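For reference, the structure discussed in these notes is given below.
Where a number appears in this text, it was derived from the coordinates with a stated rule and is not lab data. Keep in mind that what you see is a predicted model, and the values were worked out from it rather than measured. As a convention, Cβ positions derive from the backbone with ideal geometry for all residues, glycine included, and neighbour counts pool all protein chains shown.
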Amino acid sequence: MRRKTKKFTITNQNIERIDFSRSKNILFIRNSQVTTSSFESTNLEGLKVKDSTLNKVNMTKCNLNKSKFVHSNLARSNMEWSNLANNTSYRSNLSHTNLQCTSLKNSTINESYLISADLRWANLDGAVIIKCNLSKANLCNANLNNTKFIKCNLKGAKYNVNTVLPFSSDMANELGMVFENRI
């Protein structure tokens, strides 16, 4: 007989400097503030974060497939090498967040801030990005194939010769994107 794993929630908590890397059963974070903590290499598939702040949190190499971030602040967090495929983000702040080499494949990001986010080598194939601010985001070497940008601010967003754009480089220039000569 297979034993059912208990899922935990973090609600109305103020947490600082905790290592959650072995806590693979977190299902929900709500009305909480988590700062300078770590979830590194943790399976958090299906995690729901609502009305919370995860500031300067280390989520490197996490599996966040099918996760949801609603009205949450993840600014200055590190999600490098994580799986955020099939993710939903609504009215969340991902500004200055490290999303290098992250998969956001088939994700929906709606009315969120990605100002100065580092999306180098990220995979956004099939993502839908609606009314988001990506000004000064680094999209160099990113895969934006089949990505739909709807009413987004891309002014100052960087791209290079290896960025797979969903539109022409002429259109990128019209949108205010900046071509980066370095690879």
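Key figures
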{"item": "Flag if residue 136 is within 17 Å of residue 111 (Cα to Cα) and either in contact with an Asp or Glu (Cβ under 7 Å, 6 or more places away or on another chain) or surrounded by fewer than 19 Cβ atoms within 10 Å (Cβ to Cβ) (or both)", "result": "yes"}
{"item": "Subset of segment 124-155 [over 14 Å from residue 172 (Cβ atoms) and among the basic types (Lys, Arg)]", "result": "131, 136, 148, 151"}
{"item": "Residue list for segment 22-32, filter: under 21 Å from the mean Cα position of the chain (by Cα), surrounded by fewer than 16 Cβ atoms within 10 Å (Cβ to Cβ) and outside any strand (DSSP E or B)", "result": "23, 25, 31"}
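Rundown of residues vs (1) touching a Cys at 6+ places or on another chain (Cβ under 8 Å); (2) surrounded by fewer than 22 Cβ atoms within 10 Å (Cβ to Cβ); (3) aromatic (Phe, Trp, Tyr), yes/no style:
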position	(1), (2), (3)
161	no, yes, no
165	no, yes, no
177	no, no, no
180	yes, yes, no
